[in-house]
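See below for the structure under consideration.
The values are calculated or read from the model by the stated rules, or taken from the named source; none is laboratory data. A quick note: this is a predicted structure, and the numbers were derived from the prediction, not measured. When we count neighbours, we look across all protein chains shown, and the Cβ atoms used for this are built from the backbone with ideal geometry, even at glycine.
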Amino acid sequence: MKRLLSGLALAVFLGPTHTMAADAAALATLKSTGSCVSCDLTDANLSGAMLTYVNLSKANLTGANLSKANLTGASLSQADLTQADLTQADLSGAFWPDGRRCAEGSIGTCD
């Protein structure tokens, strides 16, 4: 149920007017399923997006704008966050690329 609700919230938030530079198929997968394992989201503009409990394991998020995104409980295991902007992103309970689980209240970095 939690996954369904986060997927619906994501679909509402990432409506057709949200501009992104990432692979369109990857964005469609993320939008429809709340999961985008091993997908290419390079330079995606996900600023302010509601991405709670999404699975972004092994995703390429190089240069992605995730500022102010809510990534609570998200799986970022083995994801590439090189030059990704996580300014003010909520990472509470997220799984970091190195396998750590971020502490509650982690904002902008995994504590």
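In table form, for the structure just shown:
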quantity	calculated
Members of the range 56-92 that are on the phi > 0 side of the Ramachandran plot, out of contact with any Phe, Trp or Tyr (no Cβ under 9 Å at 6 or more places or on another chain) and not charged (D, E, K, R)	Gly63, Gln78, Gln83, Gln88
Residue in the range 15-27 that is within 12 Å of the chain's Cα centre (by Cα), at positive phi and modelled with pLDDT of 85 or more present	no
Residues of the range 50-81 that turn out to be of a type in the set (Val, Ile, Thr), surrounded by fewer than 21 Cβ atoms within 10 Å (Cβ to Cβ) and either within 10 Å of the chain's Cα centre (by Cα) or modelled with pLDDT under 95 (or both), as a count	1
Condition met for Val37 (surrounded by fewer than 20 Cβ atoms within 10 Å (Cβ to Cβ) and aliphatic (A, V, I, L, M))	yes
The range 82-94 - residue that is over 11 Å from the mean Cα position of the chain (by Cα) and within 19 Å of Gly34 (Cβ to Cβ) and, of those, surrounded by the most Cβ atoms within 10 Å (Cβ to Cβ)	Ser92
